[in-house]
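Take a look at the structure set out below.
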Amino acid sequence: MGNPNNPEILAAVPPPSAVERKRREIMLARVMLVAIDLVLSGEGMGLETARDLVREVRHCFPELVDEFV
């Protein structure tokens with residue numbers, strides 16, 4: 001795991017603009033709603049939905065990417 005306070009890492013992944021961050025958060029919330037609906041219905045989230053959820057979290061918060069390694 002890298003150091004999230006390392007300026008070299010932060011410089012490599014520029015943060016999204018406020019408008020882009022909001023758009024990404026909305027997409028993340030939509031995927032979260034699908035996952036929640038599936039789990040509450042008793043079907044279970046499934047691997048594809050879990051992948052979509054992780055992908056959207058990483059897309060929404062690129063500064064966390066080194067924490068997933």
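Read-outs: derived from the displayed coordinates by stated rules, not from any lab. Note that the coordinates shown come from a computational prediction; the quantities given were computed from them, not determined experimentally. So basically every Cβ, Gly included, is an ideal-geometry build from the backbone, and we count neighbours across all protein chains shown.
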Practice task
Could you work out the local net charge near Met27, counting Lys and Arg as +1, Asp and Glu as -1, over the other residues with Cβ closer than 13 Å to its Cβ?
Solution key: +3
Practice task
Could you sort 51-62, 15-26 so that the peptide with the highest average Cβ count within 10 Å comes first and the rest follow in order?
Solution key: 51-62, 15-26
